[in-house]
Amino acid sequence: MSTEIQQPTTLLASQQPAEQVHLDTTAIDKIGKLSTLASAIRQQGDAFFALVPKDHTLENVTAAIEATALAPRRKAGTQRLSDISSFAAYVTQQGDPACTYIYADHDSRTLVAVLNDHALGSDGAVVNQPGRRDHRAVYQAEYSREFTTWLNNSGVKMDQEAFAIFLEDNIADIAPPAEGSDEPSGDALYAVALTLQAKTEVDFKSHQRLDNGQVQLTYSEQTSATAGADGTLSIPREFFLGVRLFKNAQAYKIRARLKYRLGAGKVKFWYELDRPLNAVEEAFQAYVDAAVASGYTVLMGQP
């Protein structure tokens, strides 16, 4: 009797029990993040956003993406100009009257052109087309060095020698006399300065006003003798400056009143500018008028 040998049974792969994969929460979180990063950057209008792990923070990456482009998608930024002609040239070349406003502020002597402001319609009415208002040109009328010097020293009392040195140092700012007028020239004031420097050892005794509008001071020189030589000094009661009020601007004529005070044989000198801030306002208004004449809408105030 033969004995049948049983061969071991081999299970096919499809018949093998399936292997179970266990995923914990950490692995699931990593898979989720990888899936997010695969399509992380999203565009919303003109802005780009990225969902960044660890906490899936929504980050605005518009600036980083635009920095890699050959050119920006639109104009923006603030251009500061140092003279009024440069400001006018920039606004004319870059501005569009339909969406450009110029704001004028007398207190800060500033013109600000907003080149992408809210748009205007053809009839001048504001239409429903808002602007970014972040493309600007700015001009601030800064005082010139010479005007700052005269303005800061207006009303400051000086002794005889200090006033003489001040006149000598700034004599170039004296305006030439108008034709047919009795305005003192720079040479006349320079002569006064030289006399004051030469006559430091004197006692001033009296003063009187002359018919020509000047003031005559009488003095006595101090010597070792009991009596010194007497003399007189004529000074103008007013003079005129021809100075630039603003940097890189034209000269402007301003009147200054020359004053003095006698006391204990000494004299104090000073001058007072005649309403200098009115001159500043008038000079700045000329810039505003030029902006209005350029065809752009000009508003008084700040943007």
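Observations, loosely collected:
- Charge dipole (debye, nearest 20) of the range 257-303; +1 at Cβ of Lys and Arg, -1 at Cβ of Asp and Glu: 600
- Residues with amide H under 5 Å from that of SER234, placed H, sequence gap 5 or more: LEU217
- When peptides 278-289, 160-171, 67-78 are sorted by average Cβ neighbour count within 10 Å, with the highest value leading, the order is 160-171, 278-289, 67-78.
- Paramagnetic reach from GLN79 in the range 276-296 [backbone N under 16 Å; point 7 Å along Cα→Cβ]: none
- Residues ASN60 and ARG145, FRET efficiency given R0 of 41 Å [Cβ-Cβ distance, rounded to 0.05]: 0.35
Bear in mind these aren't lab numbers, they're just calculated from the coordinates by the rules spelled out. Not measured: the values here are computed from a predicted model. Cβ: placed from backbone, ideal geometry, glycine included. Neighbour counts: every protein chain shown.
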